[in-house]
Amino acid sequence: MSASILTARYLSKVVPSTEGALSILHDLSFELNAGDSLAIVGSSGSGKSTLLGLLAGLDLPSSGDVQLAGHTLTALDEDQRARVRAEHVGFVFQSFQLLDNLNALENVMLPLELDGRRDARQRARELLERVGLGQRLSHTPRQLSGGEQQRVAIARAFAAEPAVLFADEPTGNLDSHTGERISDLLFELNQERGTTLVLVTHDERLAHRCRRLIRLEGGLRVDNLEP
Ligand SMILES: Nc1ncnc2c1ncn2[C@@H]1O[C@H](COP(=O)(O)OP(=O)(O)OP(=O)(O)O)[C@@H](O)[C@H]1O
Ligand SMILES: [Mg+2]
């Protein structure tokens, strides 16, 4: 596959602060093809989560633009961006963002039900089994460990078979064995369905499994790959 699925052009993000304007991302450009995998790495505070939010249309840049699955996100309003996300994007947040009053199964079913899928329950159960939580279906987030919540969040992000899966530290709270299983699952999805992966990670092994790498330092891209 070689169609472009995600393009960033001259992305910058400047936020106001008490010391004046603070540049948290500067002039970042790259292009990904469908089925690619990209690792975004860099130290804490280098702008990784900020970049992920801009690429997924959760936030808007101060300048530059993002094209996702043929849509120019930066030209759309919030509702339009939400629709593009619902159709094409899965997102695993650094803080999981599971719904506290729904159990694991219901959390994963939700996007499928919103999508009108009649096999929502069956598919959610399969996904949770795949992340090793077949025995935790009726547990609410509070009854799950951090790593288990992370796996529910990953199952939920996979659920609607997104074209692009964004994940902020998908193995960050997991022991090395479980982290490896989650990595395997991400790349199985990448291979089986051509899902494009965009991963923020401190996990060197996971970063090395990705075809592409962007390294940030103080909001600047410091690797020397071609855009
Ligand atoms: N809305 C905002 N207002 C002011 N500063 C912000 C805002 N969002 C992010 N920042 C700052 O921008 C920098 C980059 O933040 P970001 O969350 O992208 O870092 P990160 O690379 O994901 O770090 P970590 O690895 O710790 O998650 C940080 O110094 C942060 O304090
Ligand atoms: Mg972050």
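The values are calculated or read from the model by the stated rules, or taken from the named source; none is laboratory data. These numbers were taken from a predicted model, which means no experiment stands behind them. Cβ placement follows ideal geometry from the backbone for every residue including glycine, while neighbour counts extend to all protein chains displayed.
Before moving on, here are some points about what is shown:
- Lone unmet requirement of (1) within 16 Å of ligand 2 (Cβ to nearest atom); (2) part of a strand (DSSP E or B); (3) out of contact with any Pro (no Cβ under 8 Å at 6 or more places or on another chain); (4) modelled with pLDDT of 95 or more for residue 67: (1)
- Residue within segment 132-151 that is hydrophobic (A, V, I, L, M, F, W, C), at negative phi and within 20 Å of the chain's Cα centre (by Cα) present: no
- Counted residues, segment 173-203 - those being within 16 Å of ligand 2 (Cβ to nearest atom) and over 14 Å from residue 39 (Cα atoms): 1
- Restricting segment 17-42 to residues that are more than 10 Å from ligand 2 (Cβ to nearest atom) and in contact with a helix residue (DSSP H, G or I) (Cβ under 8 Å, 6 or more places away or on another chain), the residue that is farthest from residue 218 (Cα to Cα): 35
- Some residue of segment 79-92 being in contact with a helix residue (DSSP H, G or I) (Cβ under 8 Å, 6 or more places away or on another chain), at positive phi and touching a residue at least 12 places away in the same chain (Cβ under 8 Å): no
- Candidates 130, 136, 121, filtered to the one that is farther than 22 Å from residue 181 by Cβ and among the basic types (Lys, Arg): 121
- Pairing each residue of segment 189-217 that is within 18 Å of residue 176 (Cβ to Cβ) with any residue that is assigned to a helix (DSSP H, G or I) and of a type in the set (Lys, Arg), provided the two are 6+ apart or on different chains, yields C-beta distances under 9 Å for 201/48.
- Selection of segment 27-49 for residues being in a strand (DSSP E or B) and surrounded by fewer than 17 Cβ atoms within 10 Å (Cβ to Cβ) yields 27, 29, 31, 33.
- Some residue of segment 163-172 being crowded, with 22+ Cβ neighbours inside 10 Å and touching a His at 6+ places or on another chain (Cβ under 7 Å): yes
- Checked against the criterion of being among the aliphatic types (A, V, I, L, M) and either assigned to a helix (DSSP H, G or I) or touching a Phe, Trp or Tyr at 6+ places or on another chain (Cβ under 8 Å) (or both), the candidates 174, 186 yield just one match: 186.
- Among the residues of segment 69-96, just one is among the hydrophobic types (A, V, I, L, M, F, W, C), more than 16 Å from ligand 1 (Cβ to nearest atom) and under 26 Å from residue 203 (Cα atoms), namely 89.
- Of the residues making up segment 133-144, those that are exposed (fewer than 13 other Cβ atoms within 10 Å of the Cβ) and not small (Gly, Ala, Ser) are 135, 142, 143.
- Which listed residue is within 20 Å of residue 201 (Cβ to Cβ), within 15 Å of the chain's Cα centre (by Cα), in a loop (DSSP other than H, G, I, E, B) and not basic (Lys, Arg), from 58, 52: 58
- Within the span defined as segment 43-63, one or more residues are within 16 Å of ligand 2 (Cβ to nearest atom) and charged (D, E, K, R).
- Apart from one condition, residue 75 fits all of (1) modelled with pLDDT under 95; (2) within 21 Å of residue 50 (Cβ to Cβ); the exception is (1).
Yes/no matrix, rows are residues, columns are (1) within 16 Å of ligand 2 (Cβ to nearest atom); (2) surrounded by fewer than 18 Cβ atoms within 10 Å (Cβ to Cβ); (3) part of a helix (DSSP H, G or I); (4) among the basic types (Lys, Arg):
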{"site": "83", "(1), (2), (3), (4)": "no, yes, yes, yes"}
{"site": "99", "(1), (2), (3), (4)": "no, yes, no, no"}
{"site": "108", "(1), (2), (3), (4)": "no, no, yes, no"}
{"site": "111", "(1), (2), (3), (4)": "no, no, yes, no"}
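- Hits in segment 118-132 (condition: surrounded by 13 or more Cβ atoms within 10 Å (Cβ to Cβ) and without any contact (Cβ under 8 Å) to a residue 12 or more places away in the chain): 120, 126, 129
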